[in-house]
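Accompanying notes for the structure given below.
The values are calculated or read from the model by the stated rules, or taken from the named source; none is laboratory data. Computed from a predicted model, the values in this text were never measured in an experiment. Cβ sites come from the backbone with ideal geometry, for glycine too, and all protein chains shown count toward neighbours. What goes into the accessible areas is simple: the full protein's heavy atoms, side chains included, and nothing from ligands, DNA or RNA. Shrake-Rupley method; radii C 1.70, N 1.55, O 1.52, S 1.80 Å.
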Amino acid sequence: MSKKLRIAIIGGGSSGLTAIKECLDNDFEPICFEECSDIGGLWRFVDVDDDKNKDPHSSVYKSTIINTCSEKMTFSDFPIPPDWPAYMHNSLVLKYFKKYAEHFNLLPHIKFNASVLKASILPDKRWNLQYTIRGENSKEEIFDYVMVCTGHHRYHRWPKYKGMDVFKGEQIHSHFYRTPNAFQNKRVIVVGIGNSGVDISVELSHFASQVYLCVRRGSLPWIFPRIVNGKPIDHFSQRFDRFIPVSYRNRRMLKRIKQSIGEHPPGLEPKTPIYSSHPTIKSDFFERLVTGTIIVKPNINELKSENKQVEFVDGSILEDIDYIIYATGYNINFPFLDKEIVSGGEEMEKEFDVEYRENLVWLYKMILPPKFENIAFIGLIQTIGPIFPAAEMQCRYVTSLIKGLIKPLPSLSEMNKSIRERHQRIRGSFYSSARHTIQAYLINYLDELSRDIGCYPSSFKIIRKYGFKFWMIFYFGKETPIIYRLFGRNSWDGAHDAILLYNKIDPKTGKSLSNRNKSNEKRIAIIGISGLASIKECLDNNLIPVCFEQNSFIGGHWKNGEKNKNNKDFYSSIYKNLVTNTSKQMALLLLKNKNNKNLITPNEEKEEIFDYVMVCNGHHHHPQLPKLKGMDKFKGEQIHSRSYNENKRVLIVDIAVQLSSVASQVYISLRSGKPLDHYSRFIIYAIPPKIRRKLLEKTILNTYDPLPSCLENLKPVDPIFSTTAIYVNTGIIECIKNGSIIVKPNVLELKSKEEGSNRKNNQVEFIDESIENIDVIIYATGYKIDFPFLDKSIITGGDEIEQEYGKKYEENLVWLYKRMFPVKYPNIALIARYVVNQIKGLINPLPSPHEMDESLHQFYKENEQIYSDPEHHTLHAPTLIYLDGLSKEIGCYPYSWEIIKKFGFVFYWKYIIFGMATPHQEEILGVEQRKQF
């Protein structure tokens, strides 16, 4: 029995993992040398630590989202689950690699904390590796073959600007960027317009006081969105595209880009054809330009020491620049190898210009150095598309070559000729740059290698084995590297079914899953009978809703209930005489389904599994009491407004008006010192906010004109809409005028004194030192936001968020993206229609947890600027503005041109612009439009 070939694999990232796996499949003995303590390479996030880890291995930054969809980036015989996000956060990418390593048992073949110092070829064409494991002396081992899998994102490439050595601001390379925290309120220049430069600029634009993006070539690159018309942009690419003229394909893609994110700003249009540079993917880049949070500048001419100045080639100068971040790429360098192994030597380097020469890679098929045998470079390629399937195919090619299962390599001169021709094609397709020396079109490259290996899926083979219908999917369905496991050596029996699932076709029945969208099988738990709308939206979208209601009836707190001995902690209920503060047109629920078979009332304790949870029980259950001195000693009755239900009204103003007709005296204590608030009927977009507020204030004051002199000092101190309650009760003024209600400041202390045998004098002292005898205190002080059936961190965001906001917001801290989604638990939500569209994948997927966190930080920051009591506004949202924001994402926003086109100008002018605001307006367009509207 012959001895197994020993293969040294340098690097334990994505390329190294697939190299190990392919070696094992071919009965080799792989030994992987990984410099770090875990797998993942670039996709394993590692922070920069000035004390312990000043120059860490290349790592994604915290918020990185991969730029290619999961179907296209998957390894060919270990599909990414179809229900994973189309574009994955870096933590999910790492999770996939770990699952891959676990599934194929790769970890035992890796030496961690092992740095390769030198690799040198021996006379017998084997390789000697000198390496060291952290904390140990260096060692040497001999291998039959070496596969270099370290990639090209390690040695940062810096530009050369005059004055870099005297500039007083901070200068860092994007290699060291991890999070935006250090750049809060700083003035930052980002140099470079690749994916890293644009990503970092957009992220910093939410934190820095100003971000400038330096465009060294004088124009922007082509900016691609991730999503076009609700679909990942990768899903528009099909194998059939190769039969369509390139010019037409390019025009079609440009049209899609413009429809999604708009035109490039005037003067910054790309000067090169589309796909002549590596694509830059960022959907919200233009938005940041329009808002001015990112300003584009030309190339830098000089950095100056005075006032941290930066001068640009157009003569403009910026001062007080705190940071310059150079997102200028990486040098291709392998310090453990002689340079000529990679570059081909001086003779080859002379054929190219200086910049291109610096990163010249002279490899046959972008894998093999012609002059050196038994060494291969895996993943030293930059594809238009994901690198993972390219690295996997390279490994399959190399292992097939080692085993002698494919044609041997051609002569040295033929290999050099092939490499030269490849570089000519690269320079003909992409502008000459150091970043483009290893550029390739993914599908073309995979087809080339698969033909050499013998696993190319030709039309004839597909039709003969799987039939014409599958051939149609092959050419017009989603592109995926799984097709290269259909035939040939190391084919995979599950490839056919995996391709069908990626294209939403049931492998068992051959029927489309897209009609059901797979989500029709999803069971949705709806907690609380505010979930009526949620049940209805789930049924409309072929989901399976199961609603859990604590009571034996529907209606929630809108059904009046009474407290009795057997029901001390009864459900939250309206007061018997309550009238809603919102017009019927605005409060409308679009409900038609009368079947309540999806409603479950409590009977016995059970357990069930659900795909998604919608929490619909509101926040009016757990009373929030003030903390007043003497509450524990006060002998009078103290109740919360929640317990005050018979023939009474809600809110302190409503209760006061109702009691004024039966009590001997009613006092209103104003805790904030701001006595009366205002109400709003609708929001008018066309009128500037300041004018709108003045008009509404005038309308309210005219309602009570003339205002009695006793109320002059009770006028609101804060602007309209800047405080919590918006009261609708016209009786309050009359009650205060006739003295049946007396307005008092905040309570200082509650007191009780014994007077006589059984008589008690219950007193309340106010902060103005006045004292009143009181029998009953009703605390209309709102409710705690609490869901006892959930872990508290789901709602509050966890310890880190609570530490930042908890003291101010106390029990009312809510950390929900779009007032719906817990950042760390995306399968639970609190609002129906948007959530259902999210479940079905009909709208853009949720952003990364980091982006959601930043959105919430911005929300709380804006709340503190708008409201005088932001701690009471953690759930607040102007109704129409909120509805319009969601409807734009869902695709049902009543845009003017669409309304006019469909219903005419008169309808638009009369019913949309000047008509009554109503949710009906969100129902006349979009995928869920209802004909009756």
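Summary of computed values
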read-out	value
Residue list for the stretch 460-469, restricted to those being in contact (Cβ under 8 Å) with a residue 24 or more places away in the chain and open to solvent by 10 Å² or more (accessible area, probe 1.4 Å)	461, 466, 469
Which listed residue is within 27 Å of residue 203 (Cα to Cα) and either assigned to a loop (DSSP other than H, G, I, E, B) or at pLDDT below 65 (or both), from 841, 915	841
Restricting the stretch 844-877 to residues that are of a type in the set (S, T, N, Q) and open to solvent by less than 50 Å² (accessible area, probe 1.4 Å), the residue that is modelled with the lowest pLDDT	874
Lone qualifier among 349, 414, 373, 340 - being free of Cβ contacts under 8 Å to residues at least 60 places away in the same chain, farther than 24 Å from residue 42 by Cβ and in contact with a Lys or Arg (Cβ under 7 Å, 6 or more places away or on another chain)	349
Pair list, Cβ under 7 Å, 6 or more apart: the stretch 433-456 residue under 19 Å from residue 74 (Cα atoms), other residue among the aromatic types (Phe, Trp, Tyr) and open to solvent by 20 Å² or more (accessible area, probe 1.4 Å)	447/456; 450/456; 455/487
The stretch 184-193, residues that are under 23 Å from the mean Cα position of the chain (by Cα) and under 16 Å from residue 214 (Cβ atoms)	190, 193
So residue 39, is it open to solvent by less than 10 Å² (accessible area, probe 1.4 Å) and assigned to a loop (DSSP other than H, G, I, E, B)	yes
Top-ranked residue in the stretch 298-333 [being hydrophobic (A, V, I, L, M, F, W, C) and part of a loop (DSSP other than H, G, I, E, B); ranked as surrounded by the fewest Cβ atoms within 10 Å (Cβ to Cβ)]	313
Of the criteria (1) assigned to a strand (DSSP E or B); (2) closer than 30 Å to residue 471 by Cα, which one residue 242 fails	(1)
Exclusive hit being assigned to a helix (DSSP H, G or I), among the β-branched types (Val, Ile, Thr), within 26 Å of residue 332 (Cα to Cα) and free of Cβ contacts under 8 Å to residues at least 60 places away in the same chain, set 46, 93	93
Selected residue (criterion: most open to solvent (accessible area, probe 1.4 Å)) from residues of the stretch 183-214 that are assigned to a strand (DSSP E or B) and not β-branched (Val, Ile, Thr)	187
Filtered residues of the stretch 86-114 (kept if open to solvent by 30 Å² or more (accessible area, probe 1.4 Å) and within 18 Å of residue 389 (Cα to Cα))	92, 95, 98, 99, 103, 104
Residue match in the stretch 390-410 (condition: without any contact (Cβ under 8 Å) to a residue 60 or more places away in the chain, over 30 Å from residue 222 (Cα atoms) and outside any loop (DSSP other than H, G, I, E, B))	yes
Selected residue [at pLDDT 90 or above, surrounded by fewer than 21 Cβ atoms within 10 Å (Cβ to Cβ) and among the aromatic types (Phe, Trp, Tyr)] from 388, 336	336
Of residues in the stretch 433-459 being assigned to a helix (DSSP H, G or I) and of a type in the set (Gly, Ala, Ser), the one most open to solvent (accessible area, probe 1.4 Å)	459
Some residue of the stretch 254-264 being assigned to a loop (DSSP other than H, G, I, E, B) and closer than 30 Å to residue 185 by Cβ	yes
Condition broken by residue 223, with the remaining ones in (1) out of contact with any Pro (no Cβ under 8 Å at 6 or more places or on another chain); (2) open to solvent by 20 Å² or more (accessible area, probe 1.4 Å); (3) within 22 Å of residue 426 (Cα to Cα) satisfied	(2)
Residue match in the stretch 80-88 (condition: modelled with pLDDT under 90, charged (D, E, K, R) and part of a loop (DSSP other than H, G, I, E, B))	yes
Any hit, the stretch 252-261, residues being closer than 19 Å to residue 195 by Cβ, surrounded by 14 or more Cβ atoms within 10 Å (Cβ to Cβ), in contact with a helix residue (DSSP H, G or I) (Cβ under 6 Å, 6 or more places away or on another chain) and β-branched (Val, Ile, Thr)	yes
Whichever residue in the stretch 119-171 is of a type in the set (A, V, I, L, M, F, W, C) and surrounded by fewer than 15 Cβ atoms within 10 Å (Cβ to Cβ) and, among such residues, is nearest to residue 399 (Cα to Cα)	142
Residue satisfying all of: in the stretch 272-288; out of contact with any strand residue (DSSP E or B) (no Cβ under 8 Å at 6 or more places or on another chain) and under 21 Å from residue 441 (Cβ atoms); surrounded by the fewest Cβ atoms within 10 Å (Cβ to Cβ) among these	272
